[in-house]
1. Whether any residue in region 113-123 is touching a helix residue (DSSP H, G or I) at 6+ places or on another chain (Cβ under 8 Å) and free of Cβ contacts under 8 Å to residues at least 12 places away in the same chain is what I want to check.
2. When you check ALA18 against the structure, is it closer than 21 Å to HIS86 by Cα, open to solvent by less than 50 Å² (accessible area, probe 1.4 Å) and small (Gly, Ala, Ser), yes or no?
3. Could you tell me which residue of region 44-66 is modelled with the highest pLDDT, considering only residues that are in a loop (DSSP other than H, G, I, E, B) and either more than 18 Å from ASP15 (Cβ to Cβ) or open to solvent by 50 Å² or more (accessible area, probe 1.4 Å) (or both)?
4. Just to be sure I understand the filter: pairs with C-beta atoms under 6 Å, separated by 6 or more residues or on different chains, first member in region 6-19 and within 16 Å of TYR53 (Cα to Cα), second member among the hydrophobic types (A, V, I, L, M, F, W, C) and open to solvent by 40 Å² or more (accessible area, probe 1.4 Å). Which pairs pass?
5. Could you list all residues from region 14-43 that are out of contact with any Lys or Arg (no Cβ under 6 Å at 6 or more places or on another chain) and among the aliphatic types (A, V, I, L, M)?
6. Looking at this structure, is LEU172 open to solvent by less than 40 Å² (accessible area, probe 1.4 Å) and either over 18 Å from TYR53 (Cα atoms) or in contact with a helix residue (DSSP H, G or I) (Cβ under 7 Å, 6 or more places away or on another chain) (or both)?
7. Pick out the one residue from ARG25, ARG77 that is open to solvent by 70 Å² or more (accessible area, probe 1.4 Å) and touching a residue at least 24 places away in the same chain (Cβ under 8 Å).
Amino acid sequence: MLNELFILTKIKEGDIKAFEEVFRRYYSSLCWYAAGITGEMEAAEEIVEELFYVFWKDREHLQIFQSVKSYLYKAVRNEALQYCQHKEVKERYREYVLAGNVLEQNSDPHRQLEYEELQGLIRHTLDKLPVRRLQIFQMHRMEGKKYAEIASSLSLSIKTVEAEMTKALRTLRNEIDNYILTK
């Protein structure tokens, strides 16, 4: 425990070697743990990569009151469960759409207008993104490419791709939140 406290202190101070040591020690086992929950290795890898990205980015503000290992496993578990819930919601919506229920919903002019307004807001927000961020967003969300594929094709690091996706999603979320608040 004392060794982990020392490593955590070094990470908070910006010691990349200490971070890399933690990454190498836990990455593989965390991926397998997340894959056991999600049933998908690609999703598991993205969850773990995102966790380590946030871990490094927010290192100065980390509040870890247990071992680093326990913290990482709990964080992966929470993210994997959230991924599963999101996947279930998407699947239910897909079934809803396939059942033809969207046609009924779209016959309501008020809902149709709100839907079109929201689509316009999303298009407008995406148009304002920097070119590289938009390209990364489209490759991931519209073409279904994984971060590693995007990084490889654009000659970027995975961390850069993750950071750009985080910024794009944050921008979209803020615009949609503002839209909802003004409604």
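The values are calculated or read from the model by the stated rules, or taken from the named source; none is laboratory data. None of these values were measured; they are calculated from a predicted model. Because the Cβ atoms are built from the backbone with ideal geometry, glycine has one as well, and the counts that use them run over all protein chains shown. These area figures cover heavy atoms from the full protein model, side chains too; ligands, DNA and RNA do not enter into them. Shrake-Rupley method; radii C 1.70, N 1.55, O 1.52, S 1.80 Å.
1. Among the residues of region 113-123, at least one is touching a helix residue (DSSP H, G or I) at 6+ places or on another chain (Cβ under 8 Å) and free of Cβ contacts under 8 Å to residues at least 12 places away in the same chain, which makes the answer yes.
2. no
3. Once the filter is applied, the top-ranked residue is ASP58.
4. Within 6 Å, the pairs are PHE19/TRP56.
5. ILE16, VAL22, LEU30, ALA34, ALA35, ILE37, MET41, ALA43
6. Criteria met by LEU172.
7. ARG77
Residue-by-condition table, conditions (1) surrounded by fewer than 14 Cβ atoms within 10 Å (Cβ to Cβ); (2) of a type in the set (Lys, Arg); (3) at pLDDT 90 or above:
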residue: LYS128; (1), (2), (3): yes, yes, yes
residue: VAL131; (1), (2), (3): yes, no, yes
residue: MET142; (1), (2), (3): yes, no, no
residue: ALA148; (1), (2), (3): no, no, no
